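Asks: Have a look at this one before I ask anything.
The values are calculated or read from the model by the stated rules, or taken from the named source; none is laboratory data. Given the structure is predicted, the values throughout are model-derived calculations rather than measurements. Backbone-built Cβ (ideal geometry, glycine too); neighbour counts: all protein chains shown. Surface areas here come from the heavy atoms of the whole protein model, side chains and all, with no ligands, DNA or RNA. Shrake-Rupley method; radii C 1.70, N 1.55, O 1.52, S 1.80 Å.
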2 protein chains.
Amino acid sequence: MKKMTLAVDTMGGDLGPSAAVEGAFRAAQEFPQANLLLVGPEEILAQEMRKHGDNAHISILHAPEVIDPGEAPTTAIREKKASSIVMGLRAVKNGEAQGFVSAGSTGALLTGATLIIGRQPGIERPALGTLLPTAKGFVLLIDSGANMDCKPAYLLQFGQLGAEYMQKVMGIASPRVGLVNVGAEAEKGNAATKEAYPLLADSGLNFAGNIEGREIPAGAVDVAVCDGFTGNVILKFTEGFAKTMMGMIKTELMATFISKMGALLAKGAFGKLKTRFDYREVGGAPFLGLKSLVVKAHGSSDALAFKNAIRQCVIYNEGRNTHGI
Amino acid sequence: MKKMTLAVDTMGGDLGPSAAVEGAFRAAQEFPQANLLLVGPEEILAQEMRKHGDNAHISILHAPEVIDPGEAPTTAIREKKASSIVMGLRAVKNGEAQGFVSAGSTGALLTGATLIIGRQPGIERPALGTLLPTAKGFVLLIDSGANMDCKPAYLLQFGQLGAEYMQKVMGIASPRVGLVNVGAEAEKGNAATKEAYPLLADSGLNFAGNIEGREIPAGAVDVAVCDGFTGNVILKFTEGFAKTMMGMIKTELMATFISKMGALLAKGAFGKLKTRFDYREVGGAPFLGLKSLVVKAHGSSDALAFKNAIRQCVIYNEGRNTHGI
């Protein structure tokens, strides 16, 4: 088997290139079966690499330009040919790399990946997946923000892409796929979900039917299919809701001496819970439906998050989960 | 001013007529300015009323039939003319009552209310609002489940209905109205939100622009406008997410002796938080855009929830909040 190479955008993250480079070195140690291509300005990267000593599996792809978060995605991709995103995606397109990790602008990454790497045959719209912790493990919410208005056929394809991913990366033999909806009955929902239901039912996927919002965090399915508008609103609402709830808990806990003591004793328990909801443990959101896997890492990714985003690509490319996530 | 009468469906709730009747007696004490019409089988209601003693403000409207949760809404409304839902809505239609509270089947209630009471002039689709607690107070999420596919004009009307409600019931002079979306910029979103944005911006409402999911629980706006598919999925997802999170917290807290002690000391704080998220404090979801207010009470409403659902109708009909919610 030819050794795989994964490209890593070192310029997109909020913490600068040092986090991406450190993450790559940690990944290289953990996954010697992969070569890593650090994409960014050569001089900066060479300096960062010196902090970690030599590693024969890590090399540099010089990309002097940077795409700002505020730039219009299509223009940025067209005009900044020497940016780390475009250079990294071109390396994948040319076969120099088999996967790409970036913490850069979501819009530029999704647009660039679709334009440069291109879609898998039979896939009309690549989609962003997000791994959410559930009561039982993880669920992949797909699409979580790439496509706003979705034809029923897109929803079917999201189900197929999601099932393939959960099989490869999470090692689930026959992932249960659910259609996010307002009720269990086949005739419930909006125009798109009503038409998508029979497509999914006839697809050969392990289709669990419609699932209501509350069943997603309960872990009723491995793949939750929805349009990118709904998925994105759900994700961000949840983020805000968790934050508001935690703020309220904190206020109440700090209100009396007794409850303050209680909070102190329970600190360890809350810490464990925090780890469970730590996006760094997953590393990033897979952008699925392209000829190669692209992982969108969180903007504020640190070395651990980068390492785990690279891990996703390694496992995906090996086609089976033998590492555990 | 003619005394207002509010009709109360006593047959829809999971807890049976006793909860609705007790709630009505509590409401009658608190709001002597309203007459209450208990809708349901006369014999059962007379028996329930005897438990509470006489109250000149409370009378019975005999309705012997019951709509089952499983029945198709349109058929049920057409065929069960003597059901408590149909009789109560007819009382509103005929001017015998100025509002209706029911914990019965959502589908039958929304269909029946639209068919029997009829829409306000200028409103194409009545919508279900849900009051959610935020970091700052409450936000009305509208539509939270009545209309799946929404034209941009419907979204505008939801904004108008929501603002009127928050003004009347919550006493907010100029409610901030936000359009639920995936980003702040006017051009973001799906086809419906892109077209709804300028309509809302030109409406004369206090339009706060697009709001991302995370801003809803933060309390950025008083009215969050979305289609009923998105609203319903958000609500149910949140319900499931909160339950899953609480389950995880409980598991972690019970894991060690120290954290168990902590949980015991912090019990009071968690209790207060629970009250904040207790739907009974609000009482029900207003169904807006009809000629009179209909409040959908939670299926498992107890007397407190019924009393507060009736309170919503009282305050709404008085047109100003002098009671505090």
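Asks: Could you tell me which numbered condition residue A:89 fails, if it satisfies all but one of (1) within 14 Å of another protein chain (Cβ to nearest Cβ); (2) surrounded by 24 or more Cβ atoms within 10 Å (Cβ to Cβ); (3) in contact with a Gly (Cβ under 6 Å, 6 or more places away or on another chain); (4) not polar (S, T, N, Q)?
Replies: Condition (1) is where residue A:89 drops out.
Asks: Look through segment B:118-137, keep the residues that are of a type in the set (Val, Ile, Thr) and open to solvent by 10 Å² or more (accessible area, probe 1.4 Å), and return whichever of them is farthest from residue A:243 (Cα to Cα).
Replies: B:123
Asks: When only residues in segment A:84-118 that are touching a residue at least 60 places away in the same chain (Cβ under 8 Å) and of a type in the set (S, T, N, Q) count, which is nearest to residue A:316 (Cα to Cα)?
Replies: A:98
Asks: Under the condition of being open to solvent by 10 Å² or more (accessible area, probe 1.4 Å) and either within 10 Å of chain A (Cβ to nearest Cβ) or of a type in the set (S, T, N, Q) (or both), which residue from segment B:193-209 is farthest from residue B:140 (Cα to Cα)?
Replies: Across segment B:193-209, the extreme among qualifying residues is B:194.
Asks: Within segment A:94-106, identify whether any single residue is more than 26 Å from residue A:158 (Cβ to Cβ) and either assigned to a strand (DSSP E or B) or open to solvent by less than 50 Å² (accessible area, probe 1.4 Å) (or both), and answer yes or no.
Replies: yes
Asks: Look through B:45, B:6 and report the one residue that is part of a strand (DSSP E or B), crowded, with 21+ Cβ neighbours inside 10 Å and out of contact with any Lys or Arg (no Cβ under 7 Å at 6 or more places or on another chain).
Replies: Checking each option against the conditions leaves just B:6.
Asks: When segment A:228-255 is examined, which residues are found to be among the β-branched types (Val, Ile, Thr) and more than 7 Å from chain B (Cβ to nearest Cβ)?
Replies: A:251
Asks: Residues B:245, B:261: which one is aliphatic (A, V, I, L, M) and under 29 Å from the mean Cα position of the chain (by Cα)?
Replies: It is B:245.
Asks: Among the residues of segment B:222-242, write down those that are among the aliphatic types (A, V, I, L, M) and under 18 Å from the mean Cα position of the chain (by Cα).
Replies: B:223, B:224, B:225, B:233, B:234, B:235
Asks: Which of the strands (runs of 3 or more DSSP E) found entirely inside segment B:120-181 contain at least 2 residues meeting this: under 19 Å from residue B:297 (Cα atoms)?
Replies: In segment B:120-181, B:127-133, B:138-142 are the strands (runs of 3 or more DSSP E) which contain 2 or more residues that are under 19 Å from residue B:297 (Cα atoms).
Asks: Of all residues in segment A:18-41, how many are in a helix (DSSP H, G or I), in contact with a helix residue (DSSP H, G or I) (Cβ under 8 Å, 6 or more places away or on another chain) and among the small types (Gly, Ala, Ser)?
Replies: Total satisfying the criteria: 6.
For every residue, the table says whether it meets (1) touching a Pro at 6+ places or on another chain (Cβ under 7 Å); (2) open to solvent by 20 Å² or more (accessible area, probe 1.4 Å); (3) at pLDDT below 95.
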site: B:152; (1), (2), (3): no, yes, no
site: B:155; (1), (2), (3): no, no, no
site: B:167; (1), (2), (3): yes, yes, yes
site: B:176; (1), (2), (3): no, yes, no
site: B:181; (1), (2), (3): no, no, no
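Asks: Which one of these does residue A:262 not meet: (1) more than 9 Å from chain B (Cβ to nearest Cβ); (2) more than 29 Å from residue B:228 (Cα to Cα)?
Replies: Unmet condition: (1).
Asks: So residue A:190 passes all but one of these: (1) within 19 Å of residue B:139 (Cβ to Cβ); (2) at the interface with another protein chain (Cβ under 7 Å from one of its Cβ atoms); (3) open to solvent by 10 Å² or more (accessible area, probe 1.4 Å); (4) in contact with a helix residue (DSSP H, G or I) (Cβ under 8 Å, 6 or more places away or on another chain). Which condition number does it fail?
Replies: (1)
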